[in-house]
Amino acid sequence: MRSRGNERDAVRQAEAAADGAPVRRCILSGEREARDGLVRLALAPDGRVLPDVRAKAPGRGAWIGVKRAELEVALKKGRLKGALARAFKSADFQIPDDLPALIAAALERNALDRLGLESRSGALLTGSDRIETAARSGQLQALYHAADAKPDGTRRLAQAWRVGSDREGSDLKGLALPVARPILSLALGRENVVHIGLTDRNAAKRVSEALDRWLHFIGPDPVATPCETASQGASASDLSGDRPAVNVHEEFE
């Protein structure tokens, strides 16, 4: 059965092929996709397999593009261990029981970091009135809401965006993120962030890529995470060490 999620995944794969972006193969599904849409796994100095969402850690790596639920099944049934052994060409590693949670936390942190960077660059708006003004004047490129945003506010901004972009009658609307306003406020360094608008096309693209990768992994019905999650989880810094470096762009069949 076709679903909105499946259609979005098909679009991601088609865009990767059209853009000529570096493509990697998911070790679990076998599907090929743009590298920036996948998650790299690498070995930490202590032998643990950890997420390397920015693909900067040295040593061998493996790429996955499946959703969290699929990864949890593969981990439970031993399929992930076998796929990693082939990718790393070794069985000398340990897979943390909470690897799916570590990946989700790392992707969340990466997405929120991107929002923070765009906030500091001046390409990001907060506050209903400012966003509505930008939307009605045709300047709005992307619209996001906290998980606990009130429906009336999200509908009003969506309507303003449709009017300003001459798309009245369409289903154009913002995206509710699976995090509440305290987390967004902390990520952006601002108070009471409920709605987020982006007015720069390139900034909107960068944010969309980071969010798409996170939301694809956690699936269609994510649970809102506690405030501290955004600052937890393993990162590339946990993967650095004295291991000999190899080409991080290497694709493992």
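The values are calculated or read from the model by the stated rules, or taken from the named source; none is laboratory data. Note that the coordinates shown come from a computational prediction; the quantities given were computed from them, not determined experimentally. Because the Cβ atoms are built from the backbone with ideal geometry, glycine has one as well, and the counts that use them run over all protein chains shown.
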- Query: Are any of the residues in region 45-54 modelled with pLDDT of 95 or more, touching a strand residue (DSSP E or B) at 6+ places or on another chain (Cβ under 6 Å), surrounded by fewer than 21 Cβ atoms within 10 Å (Cβ to Cβ) and outside any loop (DSSP other than H, G, I, E, B)?
  - Reply: yes
- Among the residues of region 97-133, write down those that are more than 22 Å from the chain's Cα centre (by Cα), part of a helix (DSSP H, G or I) and surrounded by fewer than 23 Cβ atoms within 10 Å (Cβ to Cβ). Ser128, Asp129, Arg130, Glu132, Thr133
- Note on the structure: Within region 23-44, the residues that are under 24 Å from Asp92 (Cβ atoms) and assigned to a helix (DSSP H, G or I) are none
- Note on the structure: Picking from Gly153, Gly174, the residue that is surrounded by 18 or more Cβ atoms within 10 Å (Cβ to Cβ), over 15 Å from Ala111 (Cα atoms) and in contact (Cβ under 8 Å) with a residue 12 or more places away in the chain would be Gly174
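Within region 134-163, how many residues turn out to be in a helix (DSSP H, G or I) and over 19 Å from Ala203 (Cα atoms)?
Of all residues in region 134-163, those in a helix (DSSP H, G or I) come to 134-136, 151-163.
Among the residues that remain, those that are also over 19 Å from Ala203 (Cα atoms) are: 136, 151-160, 162-163.
Matching residues across region 134-163 total 13.
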- Message: Can you pull out every residue in region 58-79 that is over 18 Å from the mean Cα position of the chain (by Cα), surrounded by 22 or more Cβ atoms within 10 Å (Cβ to Cβ) and part of a loop (DSSP other than H, G, I, E, B)?
- Response: Arg60
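On the given criteria, is Glu168 within 26 Å of Ile64 (Cα to Cα), among the charged types (D, E, K, R) and surrounded by fewer than 21 Cβ atoms within 10 Å (Cβ to Cβ)?
No.
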